[in-house]
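Input: a single structure, listed below in structure tokens.
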Amino acid sequence: MNDKLQAVCDEVNTVIKGKEDVVNKVLAAVIAGGHILMEDIPGVGKTTLATTFAKSMSLDYKRVQFTPDVLPSDILGFSMYNAQTKDFEYREGSVFCNLFLADEINRTSPKTQSALLEVMEEHTATVDGVTRKLPDPFIVIATENPYGSSGTQMLPESQLDRFMVCLSMGYPAHEDAVKILKGNASHPIDNVREIITVDELIELRKNANDMFVRDEIYEYIVNIVEATRTNEMFSMGASPRGTIALLRMAKAMAILDGRDFVTAMDVQSVTKDTLGHRVKLSARGKAQGLNMDMAIRQLLGSIPAPRN
């Protein structure tokens, strides 16, 4: 990992204790140009993680706490009549930023959730028939509480598919929980420094996009995704968008590792995070006592990997 990227991780880790793997994968997703879904129980630091990344990477960010009464116009913007000019003027919504934090996205209405679809896929917002381009880079980090929590509803597959990765932080280890308590009084998030600029992030994205990939790696990625559609452990396989996401995340992991080529290990390290929310376990898989992590590990074990 180059010095700047390591410094970003170190800066985030001063606030988020003991979650180095999650921090690395969030950074990889940002470099890969994808959106991130943080799915976890309340209070483990999902929002703090997103805010810390925004500060350390000089990103203009906005946060919306999603509730049932949040409207599409709240995030996309709206036209307001100006009595002086006798004309309608457009007021930008909260998505006009570099990093949009959609907090507890599964608490809002399906209508508002669907308003994010164009934003996430096209990086544009359409209001009153006029399409406006969002700033570059544009990243959505959405958080959601587990299904079954009061007042939540499942995200549609079409929206889940637009998140490059789905990550979970989990509870901190005992030692990390003690560090969190000790650092709580000093508000460490207020002391986060800007490490890289937006221009440097754009250059990193270009380097990742232009990275050389061997034909064997392309074949390996396609084999993995195709296996999710035919393996009896899954009732729904990953889409072609999932194939692209897996490649882009593997390239970003190579960047973090300081390499200019992708290995099978890069692909394997992000397969569960990239495909886990795009596929569904079958009744047979559940009957065998498998969870998503176990099922994908078994899947990877059944597919020959190319030599690095």
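The values are calculated or read from the model by the stated rules, or taken from the named source; none is laboratory data. Note that the structure is a prediction, hence the values are computed from the model and not measured. Cβ placement follows ideal geometry from the backbone for every residue including glycine, while neighbour counts extend to all protein chains displayed.
The set of residues in segment 113-140 that are among the hydroxyl-bearing types (Ser, Thr, Tyr) and more than 14 Å from SER158 (Cα to Cα) comprises THR124, THR126, THR131. Which residues, taken from segment 229-262, are modelled with pLDDT under 95 and of a type in the set (S, T, N, Q)? Within segment 229-262, THR230, ASN231, SER235, SER239 meet the criteria. The set of residues in segment 58-75 being in contact (Cβ under 8 Å) with a residue 40 or more places away in the chain, over 20 Å from the mean Cα position of the chain (by Cα) and under 20 Å from LEU134 (Cα atoms) consists of LEU71, PRO72, SER73.
Based on this model, can you work out whether ALA208 counts as in contact with a Lys or Arg (Cβ under 7 Å, 6 or more places away or on another chain) and either of a type in the set (Ser, Thr, Tyr) or not in a helix (DSSP H, G or I) (or both)?
Numbers: in contact with a Lys or Arg (Cβ under 7 Å, 6 or more places away or on another chain): yes; either of a type in the set (Ser, Thr, Tyr) or not in a helix (DSSP H, G or I) (or both): no.
Criteria not met by ALA208.
Filtered by the rule that a residue be surrounded by fewer than 18 Cβ atoms within 10 Å (Cβ to Cβ), assigned to a helix (DSSP H, G or I) and free of Cβ contacts under 8 Å to residues at least 24 places away in the same chain, segment 273-304 gives LYS286, ALA287, ASP293, MET294, GLY301.
Tell me, which residue of segment 97-140 that is charged (D, E, K, R) and assigned to a helix (DSSP H, G or I) is surrounded by the most Cβ atoms within 10 Å (Cβ to Cβ)? The extreme case among them is ARG107. Only a single item in (1) in contact with a Lys or Arg (Cβ under 9 Å, 6 or more places away or on another chain); (2) among the aromatic types (Phe, Trp, Tyr); (3) closer than 23 Å to ARG307 by Cβ is not met by PHE234, and it is number (3). ILE16 falls short on exactly one of the conditions (1) more than 30 Å from THR271 (Cβ to Cβ); (2) assigned to a loop (DSSP other than H, G, I, E, B), and that condition is (1). When the residues of segment 10-65 are filtered to those that are within 28 Å of GLY77 (Cα to Cα) and polar (S, T, N, Q), the one that is surrounded by the fewest Cβ atoms within 10 Å (Cβ to Cβ) is GLN65. The single condition among (1) in a loop (DSSP other than H, G, I, E, B); (2) over 17 Å from CYS166 (Cα atoms) that MET154 does not satisfy is (2).
Quickly run through segment 43-83 and pick out the residues that are part of a loop (DSSP other than H, G, I, E, B) and closer than 23 Å to ASN106 by Cβ. Talk me through it step by step, then tell me what you get.
Just the residues of segment 43-83 that are part of a loop (DSSP other than H, G, I, E, B), to begin with: 43-45, 57-60, 66-71, 83.
Within segment 43-83, GLY43, VAL44, GLY45, PHE66, THR67, PRO68, ASP69, VAL70, LEU71 qualify.
Pull up segment 206-230, narrow it to residues that are of a type in the set (D, E, K, R) and under 18 Å from ARG241 (Cβ atoms), then point me to the one that is surrounded by the fewest Cβ atoms within 10 Å (Cβ to Cβ). Steps first, please.
Step one: list which residues in segment 206-230 are of a type in the set (D, E, K, R), which gives 206, 210, 214-216, 219, 226, 229.
Subset that is under 18 Å from ARG241 (Cβ atoms): 226, 229.
On the way: GLU226: 14, ARG229: 12.
By that ranking, first place goes to ARG229.
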